[in-house]
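Since the structure comes first, as structure tokens, the remarks are kept for the end.
Nothing in this text is a laboratory measurement; each read-out follows from the coordinates by a stated rule. Please read all numbers here as calculations on a predicted model, not as lab measurements. Please note: Cβ atoms are built from the backbone with ideal geometry, for glycine as well, and neighbour counts cover all protein chains shown.
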Amino acid sequence: MPERPFHILGIPGSLRRLSMNRGLLLAAREVAPPGIEIKITDLLPIPLYNADVEDAGVPPAVETFWREIREADALLIAVPEYNYSIPGVLKNAIDWATRPPGKSVLQGKAVALMGAGGRGGTVRSQFALRQVLLNSETYVLLKPELYVYQAGSRFDAEGRLTDEEVRNRLPPLLTALVKWTRAVAYMTDDAP
Ligand SMILES: Cc1cc2nc3c(=O)[nH]c(=O)nc-3n(C[C@H](O)[C@H](O)[C@H](O)COP(=O)(O)O)c2cc1C
């Protein structure tokens with residue numbers, strides 16, 4: 001019996017249609033080793049977190065996001081850098097994903113990070129994202145790190161990755177995430 005595919009949910013931290021971070025996830029999907037499938041979500045429909053809204057009933061877009069996270073074996077977040085930190089839309093989505101306390105779909109999930117940015121290559125936003133994720137009880141992969149410097153010169157006008165060196169660094173990150181997920185499952189006794 002072949003093993004079932006390993007499901008990664010790709011989360012782009014940008015709403016832009018031609019986002020380079022979405023493009024990085026699309027490239028990861030193209031070069032994923034056999035047995036790894038990547039679904040890419042969209043944060044656009046997720047409303048701003050508001051406890052009044054939550055009390056009145058969790059919005060369908062949030063329910064969908066929760067389900068996508070629940071169904072994934074692991075998460076891969078592609079984060080831009082806004083003012084040395086993560087974009088508000090990503091922070092908002094993570095805030096929703098940590099609800100309700102004690103029952104969050106993030107609990108125990110393995111996560112890998114990457115990001116396409118300017119001269120800083122998203123180093124600062126990835127660091128900020130690690131801090132945000134500390135309270136979520138996710139397990140964030142340490143290495144390999146993937147920072148795409150001067151991303152504007154590595155993607156075409158349609159947001160497609162054109163840089164072979166960056167493309168070649170995607171499969172090792174995916175493979176490390178699969179191994180990491182298994183290590184986390186062993187540790188938390190929740191094998192995928
Ligand atoms: C409000 C705002 C703040 C930004 N701040 C930074 C920053 O601190 N460092 C950086 O490298 N790029 C910064 N940028 C540039 C973004 O990283 C760039 O727009 C990038 O293309 C966004 O990723 P995307 O292509 O996935 O949308 C900023 C952009 C915006 C809109």
Quiz prompt | Amide H contacts of G10 (H built 1.01 Å from N, under 5 Å, at least 5 apart or other chain) | solution = K39, I40, T41, L76
Self-check item: Pairwise label distance in nanometres, L15 with R182, each label 7 Å out on the Cα-Cβ vector
Solution: 4.0 nm
Quiz item: If each of E158 and K91 carries a label point 7 Å out from its Cα toward its Cβ, how far apart are those two points in nm?
Solution: 3.5 nm
Quiz item: If you build a Gaussian network model of the chain, linking Cα atoms that sit under 10 Å apart, which residue out of P87, P171, P60 swings the most?
Solution: P60
Practice problem: Enumerate the calculated ³J(HN,Hα) couplings along the stretch 28-42 in order (Karplus 6.51 cos²θ - 1.76 cosθ + 1.60, θ = phi - 60°), each rounded to whole Hz, writing x wherever the residue is Gly or Pro. | Solution: 4, 5, 5, 9, 4, x, x, x, 10, 10, 10, 9, 10, 8, 9
Quiz item: By what distance, in whole Å, do the Cα atoms of the chain stretch along each of the three principal axes, largest value first?
Solution: 46, 44, 25
